[in-house]
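Notes for the one structure printed next.
Derivation of every value follows stated rules applied to the coordinates shown; laboratory data play no part. Nothing here was measured: the structure is a model prediction, and the numbers come from that model. Note that we place each Cβ from the backbone using ideal geometry, even for glycine, and neighbour counts take in every protein chain shown.
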Amino acid sequence: MLKEASIRQPLILGHKTYHDITNDIVGPIEGPAPRQWKIALSIAAVIALYGIGCISYLVATGIGAWGLNKTVGWAWDITNFVWWVGIGHAGTLISAVLLLFRQRWRMAINRSAEAMTIFAVMMAAVFPVFHMGRVWQAYWTLPLPNQFGSLWPNFNSALMWDVFAISTYFSVSLVFWYIGLIPDFATIRDRMVKPGMKRFYSILSFGWSGRAKNWTRFEEVSLVLAGIATPLVFSVHSIVSMDFATSVVPGWHTTIFPPYFVSGAIFSGFAMVLTLLLIMRKTMRLEAYIHVRHVEYMNIVIIVTGSIVGVAYLTELFISWYSGVEYEAYAFINRFSGPYSWSYWMMMTCNVISPQLFWFKKIRTNLAATFVLSIVVNIGMWFERFVIIVTSIHRDYVPGAWGEFHPSGIDVGMFVGTIGIFFTLFLLFARYFPVLALNELKTILKMSGESYKKEAEKH
Amino acid sequence: MANKVFHVMYDDDQKLMDAARALVSKGIRVKDVFSPFPVHGLDPVIGVKRTRLAIASFMYATTGTLLAIFGTWYFMIHDWPMNIGGKPSFSWIENAPAFVPVMFEFSVFCGAHGMALTYFLRNGTLPGMPASNPDPRTTDDKFVMEIVTEQNGGMSAAEIENLIKGTDVYELSIKEY
């Protein structure tokens, strides 16, 4: 058995046995639904239905229902898309990159972070798909044989790369998540008494039996999937950034975009994981598994990625001046002093200044402060995308074509609606799925469990 | 003599490991182990070979790369070349930098999904399959070692039973089949 250094803080608090872990995670699934959960689900479902209503209206009416105009042809739609994809990145980062680095603290948070990834990418996909207008022809983005004079999609286009990137990312994350879920579903299946529920989890668990060879394969598949999901996660947000970077619009046409977008994505994703987990650990009584140490580790990631994002903002500013291109320079001067400067300063405050508070140990180990700051970061990252997109295009080369963007009710309704759908899905996940990778946690119990560590120190 | 199957249950992974080592050193062949989580270090003891899924994944990914190369060449260069922003539409290699993202994504797509499908098929874990663990507690906190007389021809059932009882057993069930 592997022994862990005694100075490392325990990851599982209190005295737990293997059976306790099963009880703690599976217990809430067996019991009746708590009232708080029903209330939260009802609120989320109402918002989700409103969002679906707005989407239906958009499809029936056309893209003109959004507030887009001739100058600002891309606004909230792509802002929301990039924001959601960015949020999605933390799940894969936690499960894949932290697995490669053998970070054991990931095990308490990877399951729900991956669920968040999958739901966030689904929400992201809503925007480009409905922006197509005739959404029933979305399959035209795939290179399928056709009768339109052999017309193929354009593989030179960053938008086409995005189709491949997002669909690969979504499907690979889904498979990665599900492979990890199977043994845990088997645990639930073997505990369930009610025949209906037993049948349900029996189907979900694919007949998993936990043979030695199955586990060998499981570990190999997890490792290889982590190995290929790591470059995937970096490539996906790089490609999202290329939607802008490969264009010739001043303010977009910058080579710094891929690394800057990737770190921004991790930054906002970790913030969203914190927002969700801080609520979940409390309501589902998971304090022994997700505690201050986990939150502190995540806050450290937020400081690092937030600082990278800050450096990127300043680099962009400097390069726009240093390039000597007056259009480029103007795009940035307009950002911080033009009609949208309020959103620029909002972004700067939320993304660059506020995460620096985590340098203080008192703040980064304070759960309430973390919760507030995680929401601040999410707001800031939404504004970052808004700033990049709208301020770069709202003043065209010819002043006659200058314009401003005002979101319509449908713009707002769709954005709020996706938040509703996201929370509906996440709440359903929290109720019916194992929210922690419980069988993986059992592998670290004896090394990182508090009581076992104390026991080991005595010897 | 009817064949017998021993399901030896342990309540701790360390006890299971010690027992597996002890039994294997006395010449018993362990058919399988059912555990709630991967017990590290057990595989070489009971003779489980390393899986070749990673190699399979590499081959699937290579297939993906080749398909993407063929596809981009066929769609963009051969079948219907178009002048898009002056990018070279007459030569794949000159246009290739623009195809790198799609080639990469498609390789990952094929590598990941090919491996996942192989994993499901090799494990026999597919939707609707029945579970085959001998005791429902093996997905919670118990570890079951399966030993069959058929694979231990040199020993009688009683001898095997005696050896098993020498380990830290939690529960033992013997069935004829």
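Each of A:I52, A:T71, A:P34 was placed along the dipole of the stretch A:5-80 (beta-carbon charges, centred on the mean Cα), and the one lying farthest toward the positive end is A:T71. Select from B:A68, B:A96, B:A22 the residue whose mean-square fluctuation is largest in a Gaussian network model of chain B (Cα-Cα springs shorter than 10 Å). Highest fluctuation among the options: B:A96. Subtracting the Cα-Cα distance of A:W321 and A:A5 from their residue separation scaled by 0.36 nm leaves 108.7 nm.
If we count other beta carbons within 10 Å of each Cβ, what is the order of B:K15, A:K442, fewest first?
Details: B:K15 15, A:K442 26.
Ranking B:K15, A:K442 by Cβ neighbours within 10 Å, fewest first, gives B:K15, A:K442.
Between the amide H of B:D32 and those of B:E146, distances stay under 5 Å, these residues lying 5 or more places away or on another chain, with hydrogens modeled in the peptide plane. Taking Cα centre as origin and charging only the Cβ of basic (Lys, Arg, +1) and acidic (Asp, Glu, -1) residues, the dipole magnitude of chain B rounds to 440 debye.
Note on B:M82/A:V304: beta-carbon distance plugged into 1/(1 + (r/R0)^6) with R0 of 41 Å gives a FRET efficiency of 0.40. Computed from backbone phi with θ = phi - 60° and the Karplus coefficients 6.51, -1.76 and 1.60, the 3J(HN,Hα) list for the stretch A:331-336 is 4, 7, 4, 5, 4, 8 Hz; x is used for glycine and proline. For every other residue with a beta carbon closer than 9 angstrom to the beta carbon of A:T22, add +1 if it is Lys or Arg and -1 if Asp or Glu, then tell me the sum. Summing Lys/Arg as +1 and Asp/Glu as -1 gives -2.
Once both labels are positioned 7 Å from their Cα atoms along Cα-to-Cβ, the gap between A:T255 and A:E219 label points is 4.4 nm. Note on chain B: with a GNM built from Cα contacts shorter than 10 Å, the maximum mean-square fluctuation among B:D79, B:D12, B:D140 falls on B:D79. Size of the stretch B:8-105 from its Cα atoms: along the principal axes, largest to smallest, the extents are 73, 22, 16 Å. Expressed in Å, the radius of gyration and Dmax of the Cα atoms of the protein assembly as shown are 27.5, 97. Placing unit charges on the Cβ atoms of the charged side chains and taking the dipole of the protein assembly as shown about its Cα centre, the candidate lying farthest along the positive direction among A:F433, A:L144, B:A54 is A:F433.
Convex hull over the alpha-carbon atoms of the stretch B:53-123: what's its volume per residue in Å³? Numbers along the way, then the final one.
On the way: hull volume 5.5 nm³, N = 71.
Convex hull of Cα atoms, per residue: 77 Å³.
Sequence-ordered 3J(HN,Hα) estimates for the stretch A:390-404 from the Karplus curve with 6.51, -1.76 and 1.60 and θ = phi - 60° stand at 6, 5, 6, 10, 6, 10, 6, 4, 8, x, x, 9, 5, x, 9 Hz, glycine and proline given as x.
Where does the stretch B:76-169 land on Rg(C-alpha)/(2.2 N^0.38 Å)?
Values: Rg = 28.3 Å, N = 94, 2.2 N^0.38 = 12.4 Å.
So the stretch B:76-169 has a normalised radius of gyration of 2.29.
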